[in-house]
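All remarks here apply to the structure that follows.
The numbers here are math on the coordinates, done by the rules we state, and not lab data. Please read these numbers as outputs of a predicted model, since none were measured by experiment. FYI the Cβ positions are ideal-geometry reconstructions off the backbone, even for glycines, and counts take in every protein chain you see.
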Amino acid sequence: MGGSMGQVVVGSRTPRRNLLELAAGYVEDSVLVTSIDMELPGPEILYVNTAFTKMTGYAASELIGKSPRLMQGPLTDRRTLDRLKAAVAHGDDFIARAINYRRDGTPFELEWIITHLRDTDGRSTHLVAVQRDITGIERAAAELAAVDDELRVLGARLITAVEDLERAERLTLHAQRMAALGRMARGISHDLEDSLAPMAWILEELEADTTLRSDTLARLGQIRSNLDHAIGLNQRLLEFAGGKDQAPRQTLDVRAAVEEVIDLTRSQRSASGRPITFEAGP
């Protein structure tokens, strides 16, 4: 805001020239110079600058000789005007905000800085009001606050979205790891089953041998117990892996598989005492 607030002294012989020189220092802001009389009909407007006419919509000719009350209306705070009147009566400067009305009747909020213009004897002779339209500033501040609130909300949502994404990523990674672990467990289970089955068959043959000594049979019992335990563990491992094997199907050489079974059970006899034989077609 151009100029500075304080008590301005003008020579008693050339008050108008000094008023205009003072007003020229506030060309960037709206300037209003009035008489000191605050009683009805109010102070008389003596000077307005171009910025003031642009702000209010009034021409200078419509304001000179009139009272600033011309620009007051229903939303103008009478308490602010009463405080202004008291400050002027005490010779104090005054800063406040108020609502005035433009020539077309639209209200606007302004900031007042009113100071006394004094003569060489220190008597107050005029009032200089430097005014600034803060309607746009207040609106911009409100819009900025609204944008700031919206950004805060969006920021909170973004943080929540990132946390949800990280949680989903962790769950996905966990699922992928469990799936990989399941595939590995199924592979191990089948490998164990392929190893345990022949051992079970051989153990059955040994247990059926009536020529074995009792201590040997006792040891075979220990082996049977451990073998059953291993088979149980393998079953639980298969259950953990998801039950049925979902691995891709593979071609099986039936002849080789059957011959392997025959080798494992070669000493097994049929009920008639004849050896088990296997014949494969061409």
Here segment 66-82 yields Karplus 3J(HN,Hα) values (6.51, -1.76, 1.60; θ = phi - 60°; whole Hz; Gly and Pro given as x) of 8, 9, x, 4, 4, 9, 8, x, x, 8, 5, 6, 5, 5, 5, 5, 5
Angstrom value of the Kirkwood radius, inverse mean 1/r, which spans all Cα pairs in segment 39-89: 12.1
For segment 193-199, 3J(HN,Hα) per residue [Karplus equation, 6.51 cos²θ - 1.76 cosθ + 1.60, θ = phi - 60°, Hz, x = Gly/Pro]: 4, 5, 7, 6, 4, x, 5
Under 5 Å between amide hydrogens, which residues at least 5 positions from residue 126 or on another chain qualify, with H placed 1.01 Å from N in the peptide plane? 117
If amide hydrogens are placed 1.01 Å from N in the peptide plane, which non-local residues have theirs closer than 5 Å to the one on residue 58? 103
Would you order 71, 55, 199 from fewest to most other beta-carbon atoms within 10 Å of each residue's own beta-carbon? 199, 55, 71
Name the long-range amide H neighbours of residue 112: under 5 Å, sequence gap of 5 or more, or other chain; modelled H, no Pro or chain starts. 96, 97, 98
